[in-house]
1. Among the candidates 140, 120, single out the residue that is of a type outside the set (Ser, Thr, Tyr), under 30 Å from residue 1 (Cβ atoms) and surrounded by 20 or more Cβ atoms within 10 Å (Cβ to Cβ).
2. Looking at (1) assigned by TED's automatic domain parsing to the domain that holds residue 184; (2) at negative phi, find the lone condition where residue 287 falls short.
3. Quick one: count up the residues across region 32-46 that are surrounded by fewer than 20 Cβ atoms within 10 Å (Cβ to Cβ) and part of a helix (DSSP H, G or I).
4. When you scan region 231-272, how many residues do you find that are closer than 18 Å to residue 310 by Cβ and surrounded by fewer than 18 Cβ atoms within 10 Å (Cβ to Cβ)?
5. From 49, 54, which residue is within 15 Å of ligand 1 (Cβ to nearest atom), in contact with a Pro (Cβ under 6 Å, 6 or more places away or on another chain), in a helix (DSSP H, G or I) and modelled with pLDDT under 90?
6. Based on this model, can you work out whether residue 249 counts as among the small types (Gly, Ala, Ser), touching a His at 6+ places or on another chain (Cβ under 9 Å) and near ligand 1 (Cβ under 9 Å from one of its atoms)?
7. Within the group 280, 273, which residue is more than 19 Å from residue 338 (Cβ to Cβ), in contact with a Lys or Arg (Cβ under 6 Å, 6 or more places away or on another chain) and in a helix (DSSP H, G or I)?
Amino acid sequence: MLSDKSFPVIEATLPLVGSRIGEITPKFYSRLFAAHPELLDGLFSRSNQRNGNQQQALAGSIAAFASHLVTNPGTLPETVLSRIAHRHASLGITEPQYQVVYEHLFAAIADDLALVITPEIAEAWTEVYWLMADALIKLEKGLYAAQANGKMWTPWKVAAKAPAGVGSMTFTLEPADDTPVTAALPGQYVSVKVTLPDGLRQVRQYSLSGDAGTSRSFTTKLDDGGEVSPVLHNNIQVGDVIEISNPYGEITLKEGDGPVVLASAGIGCTPTASILRSLAESGSDRQVLVLHAESNLDSWALRSQMTDDVERLDGADLQLWLEQPEAGSKTGFMSLREVDLPANASLYLCGPLPFMKNIRNEAINAGIPATKIHYEVFGPDIWLAS
Ligand SMILES: Cc1cc2nc3c(=O)[nH]c(=O)nc-3n(C[C@H](O)[C@H](O)[C@H](O)COP(=O)(O)OP(=O)(O)OC[C@H]3O[C@@H](n4cnc5c(N)ncnc54)[C@H](O)[C@@H]3O)c2cc1C
Ligand code: HEM
């Protein structure tokens, strides 16, 4: 909780700092990487730095955190913190790194707000930073402790690499050493580290797309302008060894017997397909509604896996939206207005941000409470900032 001394200072300066965070964060990152160039090798995404996404995510989370402290004193924004902690843990962030980030972030703040900053303002925002950092550090320690091993990265051999629809590829891995393997929950992801042609190492997250547990398979869509997916698609071959993290991610199937709605678009079907697989494997008698949107049938990455799993479940139904329609499909973009939603359903969502915003709004209008809507964002969560 914010101290009585800092509370009014944060309340008064939130609009100013909020309005400057877009300028402060690029200054922060250039200071950080000038002092620690090694952080771009195997930790931060070079593309996110270039396209500005990560700046937006950090800005969004700090502004959201500070305004939460002011508007909901005595509570923490658990959902925001949990998402960041899982992402951090999948990258192996350590406690001492928070001090490094603090130093460079606050140097950037002092620089940007040089004309107005007072020791009182700096002190109050330092308190906000450490409240957030301490909460994250605690969550991340808990996540690390729950793993079957204390390693950040373990080697896995590519046992199979198979095309999965046009432009996507499924990689199936097997352990390349005897490190104990953490059982993954359906819907979780791993971080994958590869070396780029210029020698720089880069990390990206990929949802486990098949069986959860101790299996590891993931499905990637090729992004021609990207750094990691072209290396995975074009360079990594069966028999190669790649490094992956333990599994993380909080968008996992919640216990219960109520209906489940899995809604995805494009490559966003990977976590929902894994949840569907776990329901099929356990012979679940829950009502399951699978909704998927795709540009055309050939692009649907996990088509046979998902249709097979729907077939295996008595209570499952599949509805498909295609921009280039086929017999039995609906036409164009997905809309829940065309769906008879089961009462008391939980919704799991994954796909591009505009798709998720639209489906989430429609779900709320249809009476699904926000607490029962779970979404995964395939990138820094700039939704947090909006
Ligand atoms: C939790 C999570 C789960 C995920 N699961 C999956 C999954 O199951 N399957 C999957 O395919 N993906 C998944 N992703 C996305 C994945 O992690 C990668 O983001 C994706 O593969 C693209 O990575 P890349 O390295 O190829 O592209 P990046 O190098 O990250 O580039 C991303 C985009 O930025 C653009 N860019 C780069 N530089 C600039 C610049 N200077 N200006 C403007 N734009 C620029 C590129 O053109 C590209 O389109 C997931 C992400 C998260 C966070
Ligand atoms: C209080 C301090 C911090 C805050 C508020 C914060 C916030 C965030 C947020 C919001 C994201 C995006 C999460 C998502 O939506 O998936 C993120 C990702 C990330 N964070 Fe942090 N973070 C903090 C500290 C750190 C530290 C100490 C490090 C390590 C030096 C770090 C490294 C990263 C990396 C590498 C990513 C992935 C994004 C990318 O590669 O571009 N963060 N952080």
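The values are calculated or read from the model by the stated rules, or taken from the named source; none is laboratory data. All values derive from a computational prediction rather than experimental measurement. Neighbour counts are summed over all protein chains in view; Cβ atoms, including those assigned to glycine, are modelled from backbone coordinates with ideal geometry.
1. Selected residue: 140, the only one of 140, 120 that is of a type outside the set (Ser, Thr, Tyr), under 30 Å from residue 1 (Cβ atoms) and surrounded by 20 or more Cβ atoms within 10 Å (Cβ to Cβ).
2. (1)
3. Number of matching residues: 8.
4. 1
5. Among 49, 54, only 54 is within 15 Å of ligand 1 (Cβ to nearest atom), in contact with a Pro (Cβ under 6 Å, 6 or more places away or on another chain), in a helix (DSSP H, G or I) and modelled with pLDDT under 90.
6. yes
7. Exactly one residue qualifies, and that residue is 280.
Residues are listed down the side, and each one gets a yes or a no for (1) in contact (Cβ under 8 Å) with a residue 60 or more places away in the chain; (2) surrounded by 19 or more Cβ atoms within 10 Å (Cβ to Cβ); (3) more than 23 Å from the chain's Cα centre (by Cα):
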{"position": "72", "(1), (2), (3)": "no, no, yes"}
{"position": "85", "(1), (2), (3)": "no, yes, no"}
{"position": "125", "(1), (2), (3)": "yes, yes, yes"}
{"position": "144", "(1), (2), (3)": "no, no, no"}
{"position": "147", "(1), (2), (3)": "yes, no, no"}
{"position": "159", "(1), (2), (3)": "yes, no, yes"}
{"position": "164", "(1), (2), (3)": "yes, yes, no"}
